[in-house]
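Only the coordinates and a few stated rules stand behind these numbers; no lab work does. It should be emphasised that the depicted structure is a prediction, and the values quoted were computed from it without experimental measurement.
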Amino acid sequence: MIGPAVNMASRLEALTKQLGRPVLLSRDFAELVQPKFELERVGQHAVRGFSDPIELFAYHG
């Protein structure tokens, strides 16, 4: 698989270790699922391959 969404998923998975969160979601995805799940905003972070910082949210399950 290739494409921006796959790249974003790979980068977020790598950031889980750095931020100490088991699951990270981009703002766009968080907006889709937030009514069903309680999410924690973890701030904006630089994501390799993307020019602007991405607002991230954590899900703890």
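Considering only Glu31, Glu40, Glu13, the Gaussian network model of the chain with Cα springs below 10 Å gives its largest mean-square fluctuation to Glu31. Quotient of the Cα radius of gyration of the chain and 2.2 N^0.38 Å, N being its number of residues: 1.06. In the chain, the longest principal axis of the Cα atoms and the axis of helix 4-19 are about 60 degrees apart.
In the chain, the DSSP-assigned H stretches of four residues or longer account for a calculated mean residue ellipticity at 222 nm of -11500 deg cm²/dmol, using -39500 (n - 2.57) per stretch and the full residue count as denominator.
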